[in-house]
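Notes for the one structure printed next.
The values are calculated or read from the model by the stated rules, or taken from the named source; none is laboratory data. Model, not experiment: these values are computed from the prediction. All Cβ positions, even for glycine, are placed from backbone atoms using ideal geometry, and neighbour counts span all protein chains on display.
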Amino acid sequence: MQRWRGVQEAGGWGRSVVTIGVFDGIHRGHQSIIGHAVKRARDLGIQSVVVTFDPHPAEVVRPGSHPAVLTGPARKAELIESLGVDALCVLPFTAEFSRLTPEQFVHDLLVEHLHAALVVVGENFRFGHRATGDVALLERLGRTFGFAVEGAGLVSDDGTVFSSTYIRSCIDAGDVTAATAALGRPHRLEGVVVRGDRRGREIGFPTANLLTPRYAAVPADGIYAARLVRSDGPVRPDGLSGGGPGLPAAASIGTNPTFAGRDRRVEAFILDFDGDIYGEQVAIDFVARLRETRRYDGVAPLVAQMNEDVAQVRAVLDA
C-alpha cells in the first residue's frame, strides 16, 4: 500500500475509487465502507484510495475537545492496509483546511488530485466548512465533475449502530466485550513498558507498566483478561499482529488503592513469562473485564485475589 501525507504527494496513476473519513478504530462499519471501495475499484480495474485526517478534526474545530483515540496513526494504517487498499492519503487537518467550502473540498481533493471516478462514503458522511456538505450534495457535485457516488449503509447489531463514539463509550464503561463486537477484534492499547514501583515483583506478580500515548482510549478502572502483543510483524485481516494472538495476561487499570496509589496506571501481569521487556513498544488486547479494582487490608488478601484473577484469566482465554 502506498502512503501519502498531503494531497501534493498523491496521484501517479489514472482515476481511482476514493473513500473518506476519520476512520478512528477501523470498526466493522468502517471495514464495510472500505471493503466496498476496494471491491468496486477491483471491479473497475482502477486503484482504491482511503483519505483520512491528522490530527482529529474535532481538535482543530473545537480545541480541547479531542476524543479518546481508538487507533493511533500507525495502527490505523496497518488495519487499512490489511483490507486490501492500494493507497492511504493522510491529510493534515488545519484551520485553513477546515474553512474549505464543500465545492472547494470536492474540486481540490477529489477532482484535482485524486481523479476520482467513484466516491464511496457512509450515509451519514459530512464534509466542507461547518460540515455543510452531505451525501446528496456530493452526488450533485459528482454529476458536475464527472464522478459517481455510492453511499454505504451503517452497520448495526440488534439495533445498535457501530460508530467510533459508541465504541468509546463502551471502553469508557469497561465493556470491552461490546467494544470487541463492534470493532471485530479486541480493543488494543499500545505503549512503552516503563519501570513502576516494582511492588508486583516483590509479591510474585511482576507487571509491565505501559506509558500510553496522549488521548489513548483507556478502559475503565478494573481487572481484565487480556493478551500482551510484542511482535511488530505485519497486521493480519483480523487485526492481530503477525506474531500471533499474544501472551496471556491479567491487566490492571487504576490507582492501586491497596498501596494508597494516586497515579492511574495500566499494568499487565504476563502469565508464565519470565523475561525483561522494559523499553519495548507493546500492546494490550482487552478480552473481558473480570471485576472492579478494590482496596485490600494487606498483601495476603491481595495476593489471594490475584491468584483467583489469574485462574479466571486462564479460563476466559481458554474459552
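Data for the structure
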| item | result |
| --- | --- |
| Matching option when the condition is of a type in the set (D, E, K, R) and in a strand (DSSP E or B), among Arg75, Arg3, Arg42 | Arg3 |
| The range 98-123, residues that are assigned to a helix (DSSP H, G or I) and buried (at least 18 other Cβ atoms within 10 Å of the Cβ) | Pro102, Phe105, Val106, Leu109, Leu110, His113 |
| Selection within the range 164-198 - more than 19 Å from Ala220 (Cβ to Cβ) and of a type in the set (Gly, Ala, Ser) | Gly184, Gly196 |
| Evaluation of Val90 against (1) farther than 29 Å from Gly174 by Cβ; (2) in a loop (DSSP other than H, G, I, E, B); (3) under 25 Å from the mean Cα position of the chain (by Cα) (one fails), failing number | (2) |
| Single condition Lys76 does not satisfy, out of (1) touching a residue at least 60 places away in the same chain (Cβ under 8 Å); (2) surrounded by 19 or more Cβ atoms within 10 Å (Cβ to Cβ) | (1) |
| Matching option when the condition is modelled with pLDDT under 90, surrounded by 15 or more Cβ atoms within 10 Å (Cβ to Cβ) and of a type outside the set (A, V, I, L, M, F, W, C), among Gly275, Gly298, Gly246 | Gly246 |
| The range 271-318, residues that are touching a Pro at 6+ places or on another chain (Cβ under 6 Å) and not β-branched (Val, Ile, Thr) | Leu271, Asp285, Phe286, Arg295, Leu317 |
| All positions within the range 276-308 that are over 27 Å from the mean Cα position of the chain (by Cα) and either under 14 Å from Ala249 (Cα atoms) or assigned to a helix (DSSP H, G or I) (or both) | Val299, Ala300, Pro301, Leu302, Val303, Ala304, Gln305, Met306, Asn307, Glu308 |
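Yes/no matrix, rows are residues, columns are (1) within 18 Å of the chain's Cα centre (by Cα); (2) buried (at least 19 other Cβ atoms within 10 Å of the Cβ):
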{"position": "Leu141", "(1), (2)": "no, yes"}
{"position": "Val149", "(1), (2)": "no, yes"}
{"position": "Gly153", "(1), (2)": "no, no"}
{"position": "Asp158", "(1), (2)": "no, no"}
{"position": "Val161", "(1), (2)": "yes, no"}
{"position": "Thr165", "(1), (2)": "yes, no"}
{"position": "Ser169", "(1), (2)": "yes, no"}
{"position": "Leu183", "(1), (2)": "yes, yes"}
{"position": "His187", "(1), (2)": "yes, yes"}
